[in-house]
Amino acid sequence: MITITVYAYKETEAAKQTEKLIHSAAGDIPVRIIYIDLNSDKGMAEFLGNEAPMVQVGPYRLKSPLTERDLRVAIRAAHDRHEKLKEDPAYKERITRGRTITKTDRLNQWLTKNYMVLFILILVLYAGGSILAPVLMKVGAELPARVLYTIYKPFCHQLAFRSFFIFGEQLYYPRELAGIEGVITYDELIATGVITGSINLVDARDFLGNDYVGYKIALCQRCLAIYVAMLLVSIIFAATGNRIKPIAWYVWILVGMVPIGLDGGSQIPGALGINLPEWMIIRESTPLFRVVTGALFGIMTFWYLLPQVEDSMRESRVNLSKKFAYAEAKEDHEE
């Protein structure tokens, strides 16, 4: 018997007409029709679009508009293939595996439907954890705070003059090289003894804060902007039912990657103290530039990637729905 899977809106005239075409095309070949009702999964319906009703016969997929001739060819080819391979152990194992529901299948089915919830939860915990660290320092829970700072260290440079502070005099303390007027600079804090140490990168990374300047967020300004932007895009994407279309790859590069590369890369000589020709500009970015370029990178990256992830998840849902529908039909048949 050949199993034919029909992806359609069940109980519609199109579905009934497809079933008639299948029986007519099958002739004397016994077939079992399994329906994947598109009413139960709007995402799958959008994935198939105008291709529904779609019919799968063995490895062959036929898209709308369906004809009896195409169905007859596909059914005959699937029947001949089945007769040829039905005694092959590898073929039998593949068929059995494709019709057996495992714990992994159930987990994958849940993931394909709820992966955006996981993305959002992870980003909330990651961005939120970086803000929790200075909160813990402020209330005197220094040990758990230092644990959090240590966890984030491999993923961010945490330089004090490129990070936001909370519970202090200012939100940030830039280097004098940044040229921001009307703020206390990191250099001044060192010169006046408010911060012990020097302007070098090691000391700036290790400094967590104090009661005067406040306490450092565990992610730098740019990284914080990246992950908050990714979180916002994820929430918007989920709120629209995962329907946002992806941007072009060159838009992602030009708007998302080029600004952050130029702004971040141009700071390297000034940060490392490299001797450069006098005509070459040595600069330090500002918090505004870091936040804007970081946010652009986060927005463009997830705007480019999330729709592609959704396409992949929809394809997986189609395959899993077929497998679950077959297992359910098999149980009903055995009863």
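The values are calculated or read from the model by the stated rules, or taken from the named source; none is laboratory data. Note that the structure is predicted; figures quoted are calculated from it, not measured. Please note: Cβ atoms are built from the backbone with ideal geometry, for glycine as well, and neighbour counts cover all protein chains shown.
THR96 satisfies every condition listed in (1) assigned to a helix (DSSP H, G or I); (2) at pLDDT 85 or above except (2).
Please go through the range 9-38 and give me each residue that is assigned to a helix (DSSP H, G or I) and touching a strand residue (DSSP E or B) at 6+ places or on another chain (Cβ under 7 Å), ordered by number.
Let us first name the residues in the range 9-38 that are assigned to a helix (DSSP H, G or I), namely 13-26, 38.
Of everything in the range 9-38, those that are assigned to a helix (DSSP H, G or I) and touching a strand residue (DSSP E or B) at 6+ places or on another chain (Cβ under 7 Å) turn out to be ALA14, ALA15, THR18, GLU19, ILE22, LEU38.
The single condition among (1) modelled with pLDDT under 95; (2) surrounded by fewer than 19 Cβ atoms within 10 Å (Cβ to Cβ); (3) of a type in the set (Lys, Arg) that ARG175 does not meet is (2).
Residues being without any contact (Cβ under 8 Å) to a residue 60 or more places away in the chain, assigned to a loop (DSSP other than H, G, I, E, B) and more than 15 Å from ALA204 (Cα to Cα) are represented in the range 141-161 by at least one member. Only one of the numbered conditions (1) over 17 Å from the mean Cα position of the chain (by Cα); (2) modelled with pLDDT under 95; (3) polar (S, T, N, Q) is violated by SER130, and that is (2).
Out of all the residues in the range 234-253, which are surrounded by fewer than 12 Cβ atoms within 10 Å (Cβ to Cβ) and hydroxyl-bearing (Ser, Thr, Tyr)? Residues satisfying the conditions are THR240, TYR250.
Against the conditions (1) at pLDDT below 95; (2) in a helix (DSSP H, G or I), VAL251 satisfies every one except (1). Taking every residue in the range 61-80 that is without any contact (Cβ under 8 Å) to a residue 12 or more places away in the chain and pairing it with any residue that is in a helix (DSSP H, G or I), at least 6 positions away or on another chain, yields no pair with a Cβ-Cβ distance below 6 Å. Give me the pairs: first residue in the range 229-248 and closer than 26 Å to ARG290 by Cβ, second residue small (Gly, Ala, Ser), beta-carbon distance under 8 Å, and six or more apart or on different chains, which are they? The qualifying pairs are ALA229/GLY294; ALA229/ALA295; ALA229/GLY298; MET230/GLY298; LEU231/ALA127; VAL233/GLY298. Take the range 100-127 and flag every residue that is exposed (fewer than 12 other Cβ atoms within 10 Å of the Cβ) and over 17 Å from MET313 (Cβ atoms). Passing the criteria: THR102, LYS103, LEU125.
Yes or no: LEU159 in the same structural domain as SER266 (by TED's automatic domain parsing), closer than 30 Å to GLN308 by Cβ and surrounded by 15 or more Cβ atoms within 10 Å (Cβ to Cβ)? If you could, list the steps in order and put the result at the bottom.
Numbers: in the same structural domain as SER266 (by TED's automatic domain parsing): yes; closer than 30 Å to GLN308 by Cβ: no; surrounded by 15 or more Cβ atoms within 10 Å (Cβ to Cβ): yes.
For LEU159, the condition - in the same structural domain as SER266 (by TED's automatic domain parsing), closer than 30 Å to GLN308 by Cβ and surrounded by 15 or more Cβ atoms within 10 Å (Cβ to Cβ) - is not met.
For first residues located in the range 196-211 and in a loop (DSSP other than H, G, I, E, B), partners that are of a type in the set (D, E, K, R) and lie 6+ apart or on another chain with Cβ distances below 8 Å form the pairs GLY197/ASP203; GLY197/ASP206; ILE199/ARG175; ILE199/ASP187; PHE207/LYS216; LEU208/ARG146; LEU208/LYS216. Within the range 101-120, residues that are assigned to a helix (DSSP H, G or I) have Cβ atoms under 7 Å from residues that are among the hydroxyl-bearing types (Ser, Thr, Tyr) in these pairs: ASN108/SER316; THR112/SER316; MET116/SER234; PHE119/SER234; ILE120/SER234, counting only partners at least 6 apart in sequence or on another chain.
Within the range 139-149, the set of residues being closer than 11 Å to LEU208 by Cβ and of a type outside the set (Phe, Trp, Tyr) comprises GLU142, ALA145, ARG146, LEU148.
Quick grid of which residues meet (1) more than 23 Å from HIS157 (Cα to Cα); (2) at pLDDT 95 or above; (3) within 30 Å of the chain's Cα centre (by Cα); (4) of a type outside the set (Lys, Arg):
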| site | (1), (2), (3), (4) |
| --- | --- |
| THR196 | no, no, no, yes |
| GLY214 | no, yes, no, yes |
| ILE217 | no, yes, yes, yes |
| CYS220 | no, yes, yes, yes |
| LEU232 | yes, yes, yes, yes |
| GLN267 | no, no, yes, yes |
| GLY270 | no, no, no, yes |
| ILE274 | no, no, no, yes |
